[in-house]
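The structure appears right after this line, and notes come after that.
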Amino acid sequence: MSSSILSPAEIEDITGYQQATKQLQVLHDRGFLRAFINRKGEVVLERPHFEAVSRGELRDTGKRANLAIFQRGPRAA
């Protein structure tokens, strides 16, 4: 029975990298947007999300959160 998250070896095989930050960048570039680095410094990617993206069921719509409110800059008076 497979785990609900991909193993570190599987993530390394998929990305070609051992360093977590590089692994995460590759995964995000490939559309695995739910991947993250945990407190142990390891990349976590849920198997159902990996499989859905791999099948093409989840696509990046290009929509991003509007975080302009947090940016510094001149304020309107």
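The values are calculated or read from the model by the stated rules, or taken from the named source; none is laboratory data. Please read all numbers here as calculations on a predicted model, not as lab measurements. Glycine also receives a Cβ, built like all others from the backbone with ideal geometry; neighbour counts cover every protein chain displayed.
Some notes on this structure:
- If you go through region 36-59 and keep only what is of a type in the set (A, V, I, L, M) and modelled with pLDDT of 95 or more, you end up with Ile37, Val43, Val44, Leu45.
- Complete set of residues in region 32-60 that are surrounded by 13 or more Cβ atoms within 10 Å (Cβ to Cβ), in a helix (DSSP H, G or I) and of a type outside the set (D, E, K, R): His49, Phe50, Ala52, Val53, Ser54
- Among the residues of region 1-31, the one identified as basic (Lys, Arg) and either part of a helix (DSSP H, G or I) or at pLDDT 95 or above (or both) is Lys22.
- The lone exception for Arg75 - which of (1) surrounded by 10 or more Cβ atoms within 10 Å (Cβ to Cβ); (2) modelled with pLDDT under 90 it fails: (1)
- Here is the figure for region 3-38: residues that are under 15 Å from Ser54 (Cα atoms) and under 11 Å from the mean Cα position of the chain (by Cα) total 10.
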